[in-house]
Amino acid sequence: MTGSEFIAGIFPYIAVALCLLSTAWRFVRWLSLPPHVKWTLYPVPEGIAGQLKYMLKEMFTFETLYKFNRRLWFGSFSMHMAMVGAALFFILYLGGWSTIFVVQLCLLVLVIAAIYIIGLRIYDKNLRLLSNFEELFNLAFLGGVAALGFAASAPHVPGSLRLYFLGLIELHPNTSVLSTVHILAVFLGGLFLIYLPLSKMIHYVSKYFTYHHINWQKK
Amino acid sequence: MPEIELAGKKYEIDEDGFLQELDKWSKEFAQAYAKNEDIEGQLTEEHWKIINYLRDYFQKFGIAPMIRKLCKDNGIDMKRLYELFPTGPAKGACKLAGLSKPTGCV
Amino acid sequence: MTKESEQSKSTDPKYPYRSEKLLPREERVVRFLETLQEVLGAKIYNLPLETYLGTCAKCNNCAEQCQVYQASRDPHDLPAWRSDLLRKVYKKYFTTSGKLFGGLVGAKALTEEDIDNMVDAFYRCTMCRRCGVNCPLAVDNALITRIGRVILERLGFVPSNMTVSTRAQLGEIGNTSAIPKAAFIDTLDFLEEELRDETGIAIPIPRDVEGAQFFFAAPVSDYIMEADTLLGIAKTFHAAGANWTVSTENFDAINYGLFYSDADLEKILNRLLEAAHSLKCKTIVIGECGHSTKTALLFQKVFGLSEYRGMEIKSVIEVSHRFFAEGKLMFDPTKNPETVTYHDPCNLGRGSGIYEQPRELLKAAVMHFVEMTPNRKMNYCCGGGGGLVVVEDLHDWRMSTAGLKKVEQLRATGAKLVCAPCANCKKQLRELIQAHKLDMQLVGLHDLLGKAIVLSGKT
Ligand code: SF4
Ligand code: SF4
């Protein structure tokens, strides 16, 4: 097996598995911690519906940032939305829809947003004070993955790319159809998936705990 | 322990200026200290009444009285009390009376 | 002489407040790390600590929430910067990434200078939790401040105003203001006299009544400073026909442990619970005081002895509100003609969820009520929270910086009275009003209720 066969044929499975495992591990770890001191932050949204509403609103508007930190909101909001968008429309694309241009758009937004936030973190005196290498690295990493993804899919997506991913899903990927840049993109993307849950970007899990188990703890 | 020299005599006080021993107190101490607590000139009859009342109560109970009681028993209101002791009853008045520093949220 | 006592009575000008006994400088780093390890080992804080310290996005949203930073504009008052002081240490010694990558992931080996920074920083946060409301990740910098202080205490860094008071409370006298029992009884007698003079009827302040439904404990400073609050509470209980009592053995609800020590918190809390338990009371009613209400509510199930865990804990505001809702209280608002505004004490609002009850009571008992802006969960701290109000050394800073936002807020209401049902807030607001020459006065909630309450035909 050649290196590129490994990267395109085996590594994606490893990356996804590690990503899921690490996420699960952190979730279980936090779930298993004994109940701490009650430290509710009132008011607690009423009922499950209220909490869901608050969460969804926050997730899809980034309201807290919007209200108090508009400059960062522009970058952060578009970055997160572009991430969701890229994944969503890519799945649609695999499903046979011609949505790849939306994916490309999202990737472009991701790149720009990452650069914008890095700039803001360096330019703004307070953000600079708070940021360390890790913050910048995470942004650059994400931006890099998006940039490679964009390069791999622009200007025209070969039909073979779709077949490769469908093959991945069906567990017999055809790696021979990929170009070097495709393989690089797959590699970097995989690395990012492995890194994501181990980094502080695990906030997609921690948020569940800080809200539901701490701020909204009733009893 | 900081010391303060007033009218030619040395007194031991704590860092916030409270006299350390109740029995070291003298009228001269109170008079000489008054300026530190934003009271101009000689202490008046009214001041002495409060100071003596505070000392009596403290001798009996080991603590300053409730401020309301201080006012009522001396026939003055809070406003007058603050006029007499601009730095407040808990600080100014108790300090001049040689009481120990009140603790807690007072 | 031991090393510790040689160093006692620090008046080191570098430190913004006096502490009683400091650990020698060269021993601090080791003790700090040991204590942090101990805190993590105790497990009760791991979930918040791991999530808060591990995931803060450094978005700096908290800055515009914090009344201290907004007044000082000093980057060292950025909530996330302060929390980072502890975060760096935690990462360095307790996370794999920090051990491997060090500074790249924001980890840093602890130095004596870092500790100096923390001594300052953790006592420039009032633990008001305003910054937690709009943190996208629900990180609570106030809890990090608290943990930081708990560790610093073990190095000797804790304002002596707090330790002196706590010692009085845990010692023979048994309360933070060192009021002897005889003086307390004299004060109760005086209050009963006042009640008779004011109302013409005999309203008792029952003492040591076994089996009373409500065990009442005020922040003890009320027995020196807040006659009207206590009179109002006695009238309310009386009007509602409640069976209540105070204990002449333990009448102090204050628990400064919340601000610097779990060990002291636990002892103080259990003293209080024990006092109510020994009188066989079912409900502990805490007077107008934010931090002691929150402490009792939050920590009863964690630090309270198991036989005390069944007792109910309520703020006197909730109890009065319940009486009111049940139709047991009648008010004549014309007795309170001035415009009144309400200050939400952080520990009652954000900390205990008491927002609407005091407002409903006020609206019934005063002629004109105006809201402060912002209010409720977004209300600004008075600037004396986190126990800072008792720290004399921080007085000027409290007036010039921590309380500045509050002063602006107060001024904008145009009210003549500001009602704040919390002993901490009362002291700070009084001082702010004096220092900034505001044309208003401070009152407690029950002061106003007591004035307006209609007692058996009489008002
Ligand atoms: S708002 Fe929350 S996540 Fe953002 S910097 Fe402050 S504490 Fe961190
Ligand atoms: S808890 Fe309050 S004082 Fe402390 S950082 Fe947050 S907003 Fe500022």
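The values are calculated or read from the model by the stated rules, or taken from the named source; none is laboratory data. Because the structure is a prediction, the values reported are computed rather than measured. Note that each Cβ is placed from the backbone with ideal geometry, even for glycine, and that neighbours are counted across all protein chains shown. Ligands, DNA and RNA are excluded from the accessible area calculation, which covers all protein heavy atoms including side chains. Shrake-Rupley method; radii C 1.70, N 1.55, O 1.52, S 1.80 Å.
For chain C, the longest principal axis of the C-alpha atoms and the axis of helix C:262-278 are separated by about 20°. For the stretch C:215-233, heavy-atom accessible area (probe 1.4 Å) falls by no less than 40 Å² from the chain alone to the full protein assembly at C:Ile224, C:Met225.
Considering the dipole of the protein assembly as shown built from charges on the beta carbon (Lys and Arg +1, Asp and Glu -1) around the Cα centre, which of C:Thr413, A:Leu171, C:Gly327 is farthest to its positive end? So the residue we want is A:Leu171. What net charge do the residues around C:Asn347 carry, taking every other residue with its C-beta under 11 Å from that of C:Asn347, with Lys and Arg at +1 and Asp and Glu at -1? Around C:Asn347, the charge tally is +2.
Under conditions of 4 °C and 1.567 mPa s, the stretch C:78-143 yields 102 µm² s⁻¹ as its translational diffusion coefficient, taking Rh as the Kirkwood radius over Cα pairs in the Stokes-Einstein equation.
Compute the distance from the alpha-carbon center of the stretch A:127-159 to that of the stretch C:52-121, in whole Å. The stretch A:127-159 and the stretch C:52-121 have Cα centres separated by 26 Å.
Using a 10 angstrom cutoff on alpha carbons, build the Gaussian network for chain A and name the most mobile of A:Val177, A:Val145, A:Val103. Highest fluctuation of the listed residues: A:Val177.
Taking every protein chain into account, the 1.4 Å probe leaves C:Met162 with about 0 Å² of accessible area, to the nearest ten.
With a cut-off of 14 Å between beta carbons, the residues surrounding B:Glu28 carry a summed charge of +4, where Lys and Arg count +1 and Asp and Glu -1.
For the stretch A:96-104, 3J(HN,Hα) computed residue by residue from phi via the Karplus equation (6.51, -1.76, 1.60; θ = phi - 60°) reads x, 7, 9, 9, 5, 5, 5, 4, 4 Hz, glycine and proline entered as x.
A cut-off of 5 Å between modelled amide H atoms, ignoring neighbours fewer than 5 places along the same chain, links C:His368 with C:Val340. Note on A:124-130: average number of Cβ atoms from other chains within 10 Å of each residue's Cβ is 6. For chain C, a simple Cβ point-charge model (Lys and Arg +1, Asp and Glu -1, everything else neutral) yields a dipole of about 1360 debye relative to the Cα centre. How would you classify the stretch C:3-158 from its alpha-carbon gyration tensor, with a ≥ b ≥ c the square roots of the eigenvalues: rounded for a/c under 1.5, else prolate if a/b is greater than b/c, otherwise oblate? Oblate, because a/c is 1.5 or more while a/b does not exceed b/c. For chain A, the carbon plus sulfur part of the accessible surface works out to 75%, probe radius 1.4 Å.
With the radius of gyration and the Kirkwood radius both derived from the Cα set of the stretch B:3-96, what is their ratio Rg to Rh?
That ratio equals 0.94.
The dipole here belongs to the stretch C:174-325: it is taken about the Cα centre, uses +1 on the Cβ of Lys and Arg and -1 on the Cβ of Asp and Glu, and is about 640 debye. Look at the dipole of the stretch C:333-452 built from charges on Cβ: of C:Gly385, C:Leu404, C:Ala452, the Cα furthest out on the positive end belongs to C:Ala452.
Less than 5 angstrom separates the built amide H of C:Cys419 from those of C:Thr341, C:Tyr342, C:His343, C:Val443, all sequence-distant by 5 or more or on a different chain. Please work out whether the stretch C:278-408 counts as rounded, prolate or oblate from its C-alpha gyration tensor, where a ≥ b ≥ c are the square roots of the eigenvalues and a/c under 1.5 means rounded, while otherwise a/b larger than b/c means prolate and anything else oblate? Oblate is the answer for the stretch C:278-408, as a/c is 1.5 or above yet b/c matches or exceeds a/b. A loss of 40 Å² or more of accessible area (1.4 Å probe, protein heavy atoms, ligands and nucleic acids excluded) relative to the isolated chain is seen in these residues of the stretch C:133-158: C:Asn134, C:Pro136, C:Leu137, C:Ala138.
Across the protein assembly as shown, the volume of the C-alpha convex hull divided among the residues equals 175 Å³ per residue. The angle between the Cα long axis of helix A:70-94 and the longest principal axis of the Cα atoms of chain A comes to about 40 degrees, rounded to the nearest 10. Scanning residues 5 or more positions from C:Phe331 or on other chains, those with amide H under 5 Å from its amide H are C:Val454, with H placed 1.01 Å from N in the peptide plane. In the stretch A:199-213, the residues whose accessible area drops by at least 20 square angstrom when the other protein chains are added to the isolated chain are A:Lys200, A:His203, A:Ser206, A:Lys207, A:Thr210, A:Tyr211; the probe is 1.4 Å and only protein heavy atoms count. Given R0 = 51 Å, the distance between the Cβ atoms of C:Asn117 and C:Ala202 translates into a calculated FRET efficiency of 0.30. Give me the net charge for the shell around A:Leu72: Cβ to Cβ below 11 angstrom, other residues only, Lys and Arg +1, Asp and Glu -1. Local charge sum for A:Leu72: +3. 3J(HN,Hα) couplings calculated from phi for the stretch C:322-333 with the Karplus curve 6.51 cos²θ - 1.76 cosθ + 1.60 (θ = phi - 60°) are, in sequence order, 4, 4, 5, 5, 7, x, 8, 10, 10, 10, 10, x Hz; Gly and Pro show x.
Which angle between 0 and 90 degrees, to the nearest 10, do you get for helix C:290-303 versus the longest principal axis of chain C when only C-alpha atoms count? Helix C:290-303 and the main axis of chain C meet at about 70 degrees.
Here the Karplus curve 6.51 cos²θ - 1.76 cosθ + 1.60, taken at θ = phi - 60°, turns the phi angles of the stretch A:111-128 into couplings of 4, 4, 4, 5, 5, 4, 5, 4, x, 5, 5, 8, 6, 6, 4, 6, 5, 5 Hz, with x standing for Gly and Pro.
Peptide B:64-71 has a mean shielding of 6, counted as Cβ atoms of other protein chains within 10 Å of each residue's Cβ.
Here the accessible area of chain C is 51 percent carbon and sulfur, with a 1.4 angstrom probe and all protein chains present.
Considering only protein heavy atoms, what per residue accessible area in square angstrom results for the stretch B:3-96 with a 1.4 angstrom probe?
Ligands and nucleic acids excluded, the figure is 51 Å² per residue.
In this structure the stretch C:174-325 gives 30 Å² per residue of accessible area when probed at 1.4 Å with all protein chains present.
At q = 0.11, 0.12, 0.20, 0.21 Å⁻¹, what log₁₀ I(q)/I(0) does a Debye calculation on the Cα points of the stretch C:174-325 give, no solvent, two decimals? The computed values of log10 I(q)/I(0) come out as -0.38, -0.46, -1.30, -1.43. Interface between chains C and B: roughly 2400 Å² of accessible area buried, both sides summed (probe 1.4 Å, protein heavy atoms only). Computed from the C-beta positions of C:His436 and B:Glu46 and an R0 of 45 Å, the FRET efficiency is 0.95 to the nearest 0.05.
Pairwise alpha-carbon distances in chain C exceed 29 Å for 48% of all pairs.
Within 10 Å of the Cβ of each residue in C:97-104, the mean number of Cβ atoms contributed by other protein chains is 2. Look at the dipole of the protein assembly as shown built from charges on Cβ: of C:Leu429, C:Ile115, C:Leu269, the Cα furthest out on the positive end belongs to C:Ile115.
Its Cα centre serving as origin, the protein assembly as shown has a Cβ charge dipole (Lys and Arg +1, Asp and Glu -1) of approximately 2100 debye.
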